[in-house]
Amino acid sequence: MEFVDVIRERRSTRAYRETPVERETLLRVLDAGRLAPSARNEQGWKFVAVQNRDKIEKLYHACNEEGFVKEAPVIIAACGTNPDYIMRCGQPAYTIDVSIALTHIMLRAADLGLGSCWLGAFNEKKVKEVLDIPDKVRVVALLTLGYSKFQPQQKSRKQFDEVVCFDRWK
Ligand SMILES: Cc1cc2nc3c(=O)[nH]c(=O)nc-3n(C[C@H](O)[C@H](O)[C@H](O)COP(=O)(O)O)c2cc1C
């Protein structure tokens, strides 16, 4: 697919087929995260790819029991390993770095014909318990991954002029 088509066609998938994600495909998806840019090139991230059904069931309970989370053949927990680094602009680097890397993963998944859904609604403490994630590490997001049952409807977006201006704030 053309890159712009990957961006246009990606959707949040909330209904998955039982078909497992092939090992090779999963590795290719995850490798797109490894290649992402990061502040000071610190690459302070770790992606826990979960395929074990018992663990997925437990993650489902940590995600407000949203049904599709239980259906997903893979859940990726995207973690920041250095939450203390604040950039000179005042922003903590880890949420940005991990989000860029997870966006690479999400778009590569779409490129390879997989659906995904970013999850911000989860109980971090429970997720860390299920996956043995160390105390100092932060879980920035979860991503469900798998073959979609159908192509979800396109969500609306604001008009270009509403979100872009040139040379000054307008
Ligand atoms: C930071 C972030 C958090 C999100 N959290 C959730 C979530 O907890 N549950 C969910 O079903 N979707 C979640 N989403 C998916 C958004 O609802 C979705 O991206 C948005 O509605 C646009 O739809 P689209 O991805 O199909 O274009 C999240 C997306 C982002 C970027």
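Beta bridges from DSSP with both residues in the chain: antiparallel share about 95 percent, rounded to the nearest 5.
The H on the amide N of residue 138, modeled in the peptide plane, is under 5 Å from the matching H of 80, each at least 5 residues off or on a different chain. Residue exposure proxy: 47, 166, ordered by other Cβ atoms within 10 angstrom of their Cβ from fewest to most, comes out as 166, 47. By the count of other C-beta atoms within 10 Å, a proxy for reagent exposure, 144, 95 are ordered fewest to most as 95, 144.
Taking a quarter of the surface of the Cα convex hull of region 3-163 gives a mean projected area of 10.4 nm².
Please rank 42, 18, fewest neighbouring Cβ atoms within 10 Å first, as an exposure proxy. Mind showing how you got there, number by number?
On the way: 42 13, 18 9.
Placing the least packed residue first, the sequence is 18, 42.
Summarising the label geometry, the points placed 7 Å from Cα in the beta-carbon direction at residue 164 and residue 3 lie 1.5 nm from one another. In percent, how large is the relative contact order of the chain, given Cα pairs closer than 8 Å and 6 or more residues apart? Answer for the chain is 34 percent. From helices alone, the chain scores -11000 deg cm²/dmol at 222 nm; the rule is -39500 (n - 2.57) for each run of n ≥ 4 DSSP H residues, then divide by the residue total. Couplings 3J(HN,Hα) for region 97-102, derived from phi with the Karplus relation 6.51 cos²θ - 1.76 cosθ + 1.60 (θ = phi - 60°), are 4, 5, 5, 5, 4, 5 Hz, where x marks Gly and Pro. Summing charges over neighbours of residue 127, with a neighbour being any other residue whose Cβ is under 11 Å away from its Cβ, gives +3 when K and R count +1 and D and E count -1.
Read-outs throughout are calculated quantities, based only on the coordinates presented, and are distinct from any laboratory measurement. Note that this is a predicted model, so its numbers are computed, not measured. Positions of Cβ are backbone-derived with ideal geometry, glycine not excepted, and every protein chain shown enters the neighbour counts.
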